[in-house]
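Novice: This structure is in structure tokens; I'll ask about it shortly.
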Amino acid sequence: MKFFIDTANLDEIRSAAELGMLDGVTTNPSLIAKIVKDPSNFTRRDFFDHIAAICDLVDGPVSAEVTSLDAASMIKEGEELAAIHDNVTIKCPLTIDGLKAIRHLSEAGRATNATLVFSPSQAILAAKAGASFVSPFVGRLDDISAEGMALVEDIVDIYDNYGYMTEVIVASVRHPQHVVEAARIGADIATIPYSVIRQLAVHPLTESGLKKFMEDAAVMKK
Ligand code: G3P
């Protein structure tokens, strides 16, 4: 399973890349808003420069999201985003207009990511539109007492039935178990917040075991 990081924070991306297992990055307008210090001075040029800076750090797909709602504007924005770097993936919301934009952009050879996906029917449409990636939001489904990972299971089954090439990105990951379940189900990718990437390595028995090993090793230093 590929690991993407779900952040626009350059320090987090740099640290995750240092682990040597970072395959890509996903951003969205909310993640971009988090890194903006002075919103009144943040221009579209600054946004493009930030996406370019992310592309310099990671050799893999970098999702940048459109912020318009009609298909024609999404396509125009998508082309502008794609011009930033070859690795930019254009993220469009799973709406009727988003699907039209995905179809158009994918036919033009652009990489696309259908985002805000909450049902198998939406995922089928994403694949039929030719999306390179589909992003089911598991955490947000869990938040409303639905089962986020059940959606991933459905999508992986359906895509397998027809050999759809669209890769499944498990998104809105909130904890390590989401990542483990994504791998168990056979999702192509998990896009993971930096804090959760770090949590994946942690186990209390590793910590207590290491503490004891260090204490016992200390005799050899005397
Ligand atoms: O990749 C989608 C993600 O950024 C949404 O996560 O935690 O806001 O639901 P969250």
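Novice: Can you find, within region 8-31, the residue that is nearest to the ligand (Cβ to nearest atom) among those that are of a type in the set (Asp, Glu) and over 15 Å from ASN87 (Cβ atoms)?
Specialist: For region 8-31, the residue satisfying everything is GLU12.
Novice: If you don't mind, there's one more thing I want to ask. Taking region 129-145 on its own, how many of its residues are without any contact (Cβ under 8 Å) to a residue 24 or more places away in the chain, farther than 20 Å from THR95 by Cβ and within 13 Å of the ligand (Cβ to nearest atom)?
Specialist: Total meeting the criteria: 1.
Novice: Let me ask something else. If a residue must be among the aliphatic types (A, V, I, L, M) and within 15 Å of the ligand (Cβ to nearest atom), how many such residues does region 97-118 contain?
Specialist: Selection size over region 97-118: 3.
Novice: Then there's this: Find the residue count for region 96-120, including only residues that are within 19 Å of VAL152 (Cα to Cα), hydroxyl-bearing (Ser, Thr, Tyr) and surrounded by fewer than 20 Cβ atoms within 10 Å (Cβ to Cβ).
Specialist: Of the residues in region 96-120, 1 are within 19 Å of VAL152 (Cα to Cα), hydroxyl-bearing (Ser, Thr, Tyr) and surrounded by fewer than 20 Cβ atoms within 10 Å (Cβ to Cβ).
Novice: Same structure again: Read through the list (1) touching a strand residue (DSSP E or B) at 6+ places or on another chain (Cβ under 7 Å); (2) among the hydrophobic types (A, V, I, L, M, F, W, C); (3) over 26 Å from GLU77 (Cα atoms), then give the number of the only condition that PHE137 fails.
Specialist: Of (1) touching a strand residue (DSSP E or B) at 6+ places or on another chain (Cβ under 7 Å); (2) among the hydrophobic types (A, V, I, L, M, F, W, C); (3) over 26 Å from GLU77 (Cα atoms), only one is false for PHE137: (3).
Novice: Here is a check on your reading of the model: is ALA126 crowded, with 19+ Cβ neighbours inside 10 Å, farther than 19 Å from ASP23 by Cβ and without any contact (Cβ under 8 Å) to a residue 60 or more places away in the chain?
Specialist: The answer is yes for ALA126.
Each value in this text was obtained by applying a stated rule to the coordinates, not by laboratory testing. If you're wondering where the values come from, they're calculated on a predicted model, not measured in any experiment. Using ideal geometry, Cβ is built from the backbone for each residue, glycine included, and neighbour counts are taken over all protein chains shown.
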